[in-house]
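All remarks here apply to the structure that follows.
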Amino acid sequence: MHIPDGFVNIPVAAATYVASGGSLAYAVRRTNKELGEKQVPLMGVMGAFIFAAQMLNFPVAGGTSGHLIGAALATILLGPWAGMLIMTSVLVVQALIFQDGGLVALGANVFNMSVVACLVGHYAFTWLKRLLDEGIRGTVISGFVAAWASVVTAAIACALELAVSDTSALTVVLPAMTLVHILIGIGEGLITVAVLAFLAATRRDLLQLRPN
Amino acid sequence: MKRKWWIAGLLIALAVTLLSPLASAWPDGLERVAEDKGFSEDAQDAPYEAIPDYVLPGVGNEAVATILAGIVGTLVVFGLAYGLGALLRKREATQRD
């Protein structure tokens, strides 16, 4: 879902840069208050894993592929604020070194896949987990739904940016982006749950580091 | 041993890059929509290229070049995210001294 340059116009690029910058400034403040000693290396490991996993495109229907975003996973393990910093690290490296996602469009990509995806992942996960049980079953179900919802809403945000930029009509791009990411989101949910289950089996303590 | 758990985590991430040559080459969700809806031509080339398309330049074997690109990116992101965390972590204990 990395937007290349040319897909968003200058006003949309500027607005999303400002929105992302403001969100990250707040994320820095919250991380400064909340991040514990033990979470520092987990931030590095999460970023490394998400970058590597994003390279593994998996096929979905009709000659289309998708890959993990990882925002929900980072958020479930470290909270939305550290999650945003991790996702932004990944997106900045992808744009600057790998030419994946444009430089003008970087603000939009951070807004969609870092800010929106982490916040949606956070609220979906915390609300659902409260409804379900506190154990690993609740974590797995909430994690799947949060991961799926984070991808679909990031895709909707992306579609809105393309429509406002006049790159494509809203009635065309919104249903198309939503539909394909409803499928890709299932892959996101499965990978997220697999990692959570792996951690529950090997390092259950890492699942409890998350700030409230 | 336990305090070095993050080394195991980093090794898992690096191991994941070994699978990268097996990734699907099909267009992703946004690329597919851009092709189908006729706006993929709007995409502009990057002003410079470092490691474009996750293939390390100058390496003959594409699978190896992809894995090497993945290792470079994984290590850079690890350092960046770890550094951000180290810089921003709360320091109540040290402030009280």
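The values are calculated or read from the model by the stated rules, or taken from the named source; none is laboratory data. The structure displayed is predicted, hence computed values, not measured ones. Every residue, glycine among them, receives a Cβ derived from its backbone with ideal geometry; neighbour counts consider all protein chains shown.
Summary table
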| item | result |
| --- | --- |
| Count of the stretch A:10-20 residues which are surrounded by fewer than 16 Cβ atoms within 10 Å (Cβ to Cβ) and either over 15 Å from A:Val115 (Cα atoms) or small (Gly, Ala, Ser) (or both) | 3 |
| The stretch A:31-51, subset surrounded by fewer than 24 Cβ atoms within 10 Å (Cβ to Cβ) and under 10 Å from B:Arg89 (Cα atoms), residue farthest from the other protein chains (Cβ to nearest Cβ) | A:Lys38 |
| Residue check, B:Ala63 surrounded by fewer than 17 Cβ atoms within 10 Å (Cβ to Cβ), among the hydrophobic types (A, V, I, L, M, F, W, C), in contact (Cβ under 8 Å) with a residue 12 or more places away in the chain and touching a helix residue (DSSP H, G or I) at 6+ places or on another chain (Cβ under 6 Å) | yes |
| 3 or more residues out of contact with any helix residue (DSSP H, G or I) (no Cβ under 7 Å at 6 or more places or on another chain) and without any contact (Cβ under 8 Å) to a residue 60 or more places away in the chain: qualifying helices (runs of 4 or more DSSP H) within the stretch A:37-134 | A:117-131 |
| Residues of the stretch B:16-31 that turn out to be more than 7 Å from chain A (Cβ to nearest Cβ), free of Cβ contacts under 8 Å to residues at least 12 places away in the same chain and not in a helix (DSSP H, G or I), as a count | 1 |
| Meets criteria (free of Cβ contacts under 8 Å to residues at least 40 places away in the same chain, more than 7 Å from chain A (Cβ to nearest Cβ), of a type outside the set (S, T, N, Q) and crowded, with 17+ Cβ neighbours inside 10 Å) for B:Ala34 | yes |
| Among the residues listed as A:Gly143, A:Gly102, A:Gly138, the single one being touching a Pro at 6+ places or on another chain (Cβ under 9 Å) and either at pLDDT below 95 or crowded, with 21+ Cβ neighbours inside 10 Å (or both) | A:Gly102 |
| Answer residue from the stretch B:6-15, given it is free of Cβ contacts under 8 Å to residues at least 40 places away in the same chain and facing chain A (nearest Cβ under 7 Å) and is surrounded by the fewest Cβ atoms within 10 Å (Cβ to Cβ) among those | B:Ile12 |
| Only listed residue being touching a Ser or Thr at 6+ places or on another chain (Cβ under 6 Å), within 14 Å of chain B (Cβ to nearest Cβ) and farther than 22 Å from A:Gly83 by Cα, chosen from A:Leu162, A:Leu183, A:Leu174 | A:Leu162 |
| A:Thr75, sole failed condition from (1) more than 7 Å from chain B (Cβ to nearest Cβ); (2) closer than 26 Å to B:Pro47 by Cβ | (2) |
| All positions within the stretch A:168-209 that are over 17 Å from A:Arg137 (Cα atoms) and crowded, with 20+ Cβ neighbours inside 10 Å | A:Ser168, A:Val173, A:Ala176, A:Met177, A:Val180, A:His181, A:Ile184, A:Gly185, A:Gly187, A:Glu188 |
| Matching residues in the stretch A:168-212 - criterion: being closer than 13 Å to A:Ala154 by Cα and of a type in the set (S, T, N, Q) | A:Thr178 |
| Failed item in (1) of a type outside the set (Gly, Ala, Ser); (2) under 20 Å from the mean Cα position of the chain (by Cα); (3) not in a helix (DSSP H, G or I), with A:Thr192 passing the rest | (3) |
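Per-residue answers, yes or no, for (1) more than 16 Å from the chain's Cα centre (by Cα); (2) facing chain A (nearest Cβ under 8 Å); (3) among the aromatic types (Phe, Trp, Tyr):
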residue	(1), (2), (3)
B:Phe39	yes, yes, yes
B:Ile51	no, yes, no
B:Val59	yes, no, no
B:Ala69	no, yes, no
B:Gly73	no, yes, no
B:Leu87	yes, no, no
B:Lys90	yes, yes, no
